[in-house]
1. Do the conditions hold for A:TRP35, that is, is it of a type in the set (Phe, Trp, Tyr) and farther than 20 Å from B:PHE103 by Cα?
2. Please indicate, with yes or no, whether at least one residue in the stretch B:33-49 is over 17 Å from A:GLN38 (Cβ atoms) and not in a strand (DSSP E or B).
3. Taking B:GLU69 as meeting all but one of (1) free of Cβ contacts under 8 Å to residues at least 24 places away in the same chain; (2) in contact with a helix residue (DSSP H, G or I) (Cβ under 7 Å, 6 or more places away or on another chain), write down the number of the exception.
4. Restricting attention to the stretch B:15-46, which residues are hydroxyl-bearing (Ser, Thr, Tyr) and within 12 Å of another protein chain (Cβ to nearest Cβ)?
5. Among the candidates A:VAL116, A:VAL3, A:VAL81, single out the residue that is within 10 Å of another protein chain (Cβ to nearest Cβ) and touching an Asp or Glu at 6+ places or on another chain (Cβ under 8 Å).
6. Mind counting the residues in the stretch B:1-20 that are β-branched (Val, Ile, Thr) and farther than 13 Å from B:ALA91 by Cα?
7. Give just the number: which of (1) part of a loop (DSSP other than H, G, I, E, B); (2) at pLDDT 85 or above; (3) more than 14 Å from chain B (Cβ to nearest Cβ) does A:GLY53 not satisfy?
8. Answer with yes or no whether B:THR12 is at pLDDT 95 or above, more than 10 Å from every other protein chain (Cβ to nearest Cβ), in a strand (DSSP E or B) and under 21 Å from B:ILE101 (Cβ atoms).
Amino acid sequence: GAVVSQHPSWVICKSGTSVKIECRSLDFQATTMFWYRQFPKQSLMLMATSNEGSKATYEQGVEKDKFLINHASLTLSTLTVTSAHPEDSSFYICSASRGGANTGELFFGEGSRLTVL
Amino acid sequence: GDSVTQMEGPVTLSEEAFLTINCTYTATGYPSLFWYVQYPGEGLQLLLKATKADDKGSNKGFEATYRKETTSFHLEKGSVQVSDSAVYFCALTLYSSASKIIFGSGTRLSIRP
């Protein structure tokens with residue numbers, strides 16, 4: 001099946017620094033990518049929808065200035081956590097869609113674990 | 001609001017045991033329902049899906065039937081294997097919000113040899 005890769009798989013940073021996480025679709029072009037956040041023993045919460053060539057659509061309660069999303073090409077979306085703080089520590093997961101999410105054609109990355117000290 | 005509730009884990013079973021992971025949903029529209037699986041160190045993968053009432057999704061010996069009357073989509077397998085050890089997520093999407101997929105909290109399944 002289609003492959004989506006995230007990098008880095010884990011990162012530790014100091015409070016106040018910014019961290020960039022990449023999401024790549026390796027063998028297909030993804031018009032839409034999604035970013036999720038997962039807390040321990042909780043479900044994946046959709047943070048934002050990223051469309052190639054346009055601004056991301058953020059879910060209610062997600063700070064767009066805190067979580068910068070860029071979808072500059074059909075195979076790459078990036079999530080930058082700016083001025084990270086310990087409460088931003090979490091598991092971030094991306095997915096890529098070849099069509100609408102309603103078809104079930106979503107392909108997920110392995111996730112990136114962020115720890116902010 | 002729209003939501004998915006699934007049984008808490010972890011669930012530990014012996015090999016060849018029967019598996020049920022319960023999932024119920026609340027939705028304002030007519031959802032499509034999914035089960036995703038996440039094996040250790042890997043991303044989520046679609047396991048099976050059902051798009052309308054009474055549909056049965058099946059894959060790799062797993063089955064789930066879309067029950068509109070009980071708003072449920074329970075996952076079952078008749079005889080589990082060690083290789084089925086993973087985290088299982090129930091999820092839904094709504095036609096009106098096709099880009100948004102709502103996940104349950106996940107159920108960790110461990111199978112003993």
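The values are calculated or read from the model by the stated rules, or taken from the named source; none is laboratory data. Fair warning: this is a prediction, and the values are worked out from it, not measured in the lab. Glycine also receives a Cβ, built like all others from the backbone with ideal geometry; neighbour counts cover every protein chain displayed.
1. Numbers: of a type in the set (Phe, Trp, Tyr): yes; farther than 20 Å from B:PHE103 by Cα: no.
No, not satisfied.
2. No, the stretch B:33-49 has no match at all.
3. (2)
4. B:TYR30, B:SER32, B:TYR36, B:TYR39
5. Exactly one residue qualifies, and that residue is A:VAL3.
6. Of the residues in that region, 3 qualify.
7. Here A:GLY53 meets the rest and fails (2).
8. Considered against the rule, which asks whether it is at pLDDT 95 or above, more than 10 Å from every other protein chain (Cβ to nearest Cβ), in a strand (DSSP E or B) and under 21 Å from B:ILE101 (Cβ atoms), B:THR12 comes out as no.
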